[in-house]
Every structure is written in structure tokens, then in C-alpha cells.
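Since the structure comes first, as C-alpha cells, the remarks are kept for the end.
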Amino acid sequence: MTSDQIWQPLVEELARWQRADRKAEFWLRDDDAVDPTPALDRLLDLTREFAVAPTLAVIPALTDEKLVVRLDEAPHVTVAIHGWAHRNHAPEGQKKQELGAHRPREAVLDDLARGLSRVSGLHGARAVPMLVPPWNRIDPGLVAELGSIGFAAMSVFGPPKPASVAVVNSNVDIMDWHGTRGCRDHGLLVQAIVAQLQHAFDGGEPVGLLTHHLVHDESAWLFLERLFTVAAQSEACAWLPIRALIGRSAGTANPGKM
Ligand SMILES: [Zn+2]
């Protein structure tokens, strides 16, 4: 298949939104930022070129002022809180978790409160009080407590479950973690985006793209550039900042329930 053929299903889906006079909504979450790097520069430059406002999930314990200085030149970026140290506390053989039930709940909440305080202190108004649990996993019993330590939102991966804070999940991960560890097949990614858009057309969530700039291969960068280009060619496409989505989701948050 040629590149045009691979992208044609998305072009057609966006045309459907255009005919319906509706906006196909996208947002982008990029995980594991700590320091300025050439890969981060590439992400910041590419998103700025296409007026995409990414949310960087920053690892509080590992970052410092160097990232602040770099992001001062990237006003289109928002930062969120990626756990505390991205450290696994699950036993060998279990799925990795920093925020699981392996430690006393108070200890995990202390970590998260410290993470929020550290990222907010460093980044000021650029920080949004949204928790992005490392490995997209968190003990369900902790979720009800997030509001009490200052979080307004949470973002994991997949269909959202009702929670006491706003939930804005990612749903299209561009990386093939269990196979090549590079970018997933572009045709399959286009299919996943179209499926999410069809779900959104019927009232479902926007397309939440998940990226990890530190491990992108050339195929991942090419995919993003193509996606941004196709999106920019459609009047029906809108890349939303995270605050708009949190504000919308907060209206439907379900206090007291997971
Ligand atoms: Zn991560």
C-alpha cells in the first residue's frame, strides 16, 4: 500500500465529520519527560509547527529546573504528574506498578502529593493537577483519594471509568511495546484512530494519542508528522488542550465512586 492508501480511511472519516459540520477532536499525551533531550526538542518543534498542544507527563522525582528552562521556550506545552519516581513496587512476575496495593495507601498518597507539589512548584501555571499513573496502572482504592490531595484529574489508557476526579484517558498508543518496541504499523494505527473517531461520533471520547518521545524510532516520528499533516488538511479536525477536556470531564465526574 502507498502512504496515501494507508491514510485514506482517516481522510474519509474526517470528511464525514466535515459533512456533519462537527469537529473531530484529538489530544496528545507524551510520557516520561525528565530532561531536555534531542528527542524532546523534536517533539516540541513538531507539535509547535502543527499547533498541537501536547501534555507532557513529567516524572517528579527525576526532573529539575533544566526542563523548566527548556519549556519556557515552548508555550504550547502543558505538564502533568507522572507518579513520583516511576519505580516498580510490584513483585517479580507481576505487571509493573508504582501506585498499586503493594505499599500502605498512606505511603503512596504521600508520594503523589509530593509529586504534585514538586511539578507545580517547578512549572507554575504550566502544570495541570492531573495524575498520569506510570504504566497506566493505579490501585482502584487510591483513585477516590486523589481529590483530597489536590488532583483534579487522572489519565490512564482505555475506556474511562467514573471517578471522583475528571478522567481524560489516552486510547491510541503509537508504540509496539510487546513486539518491535518501535512504532506500530501505520495502517493499524490509522484503523485505531478511525475506530475511536467513530465511537466519538456517537458520543464517545476524543482521540487521545499516547506517545513516548524518548523511545520513538523514525517510523514513530514519521507517523506523527503524517497524522498532523492529514489533520491540518481537514477543517473538521481540532487538537484540544488538556484543560478544555478536564473542564468538560469534571462536569460528569462521579464523587465517591471509582
Ligand atoms: Zn511512563
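The values are calculated or read from the model by the stated rules, or taken from the named source; none is laboratory data. Everything numeric here is computed off the predicted structure, so don't read it as measured data. Here Cβ is always computed from backbone atoms with ideal geometry, including for glycine, and neighbour counts include all displayed protein chains. These area figures cover heavy atoms from the full protein model, side chains too; ligands, DNA and RNA do not enter into them. Shrake-Rupley method; radii C 1.70, N 1.55, O 1.52, S 1.80 Å.
At a glance:
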read-out	value
Most fluctuating residue given options 175, 130, 154, as computed from a GNM of the chain linking Cα atoms under 10 Å	175
Probe 1.4 Å, protein heavy atoms only - accessible area per residue of the chain in square angstrom	46 Å²
Where trypsin sites (Lys or Arg not before Pro) fall in DSSP loop in the stretch 176-258, at most 13 other Cβ within 10 Å	181, 257
Principal-axis tilt of helix 105-123 within the chain, Cα atoms, nearest 10 degrees	60 degrees
Computed [θ] at 222 nm, deg cm²/dmol, the chain (DSSP H ≥ 4; -39,500 (n - 2.57); rounded to nearest 500)	-12000 deg cm²/dmol
Label-to-label distance, nm, for residues given as residue 185 and residue 12 (7 Å Cα→Cβ offset)	1.8 nm
Qualifying GluC sites (Glu not before Pro) for the stretch 86-164 [loop in DSSP, other Cβ within 10 Å: at most 15]	92
Calculated FRET value between residue 64 and residue 244, using beta carbons and R₀ = 45 Å, to 0.05	0.95
For the chain, built as a Gaussian network whose Cα springs stay under 10 Å, the top-fluctuating residue of 244, 152, 39	244
Stokes-Einstein diffusion coefficient of the stretch 3-250, Kirkwood radius over Cα pairs, 37 °C, 0.692 mPa s, in µm²/s	177 µm²/s
Hypothetical label at residue 3: residues of the stretch 229-244 whose amide nitrogen lies under 11 Å (7 Å Cα-Cβ projection)	229-230
Protein accessible area in the stretch 3-250, 1.4 Å probe - carbon and sulfur %	51 percent
The stretch 90-130: trypsin sites (Lys or Arg not before Pro) falling in loop per DSSP and having at most 10 other Cβ within 10 Å	95
C-alpha long axis of helix 3-19 to longest principal axis of the chain, angle in °	90 degrees
Summed side-chain charge close to residue 5 - residues other than residue 5 whose Cβ falls under 15 Å, Lys, Arg +1, Asp, Glu -1	-3
Proximal lysine pairs, the chain, alpha carbons under 28 Å, eight or more residues apart or interchain	6
On Cα atoms only, tilt of 38-49 relative to the major axis of the chain in degrees	50 degrees
Within the chain: Cβ-based charge dipole about Cα centre, in debye rounded to nearest 20 (Lys, Arg +1; Asp, Glu -1)	700 debye
Beta bridges per DSSP with both ends in the chain, % antiparallel, nearest 5	5 percent
Selected from 24, 53, 90 as most flexible by GNM, with the chain as the system and alpha-carbon contacts under 10 Å	90
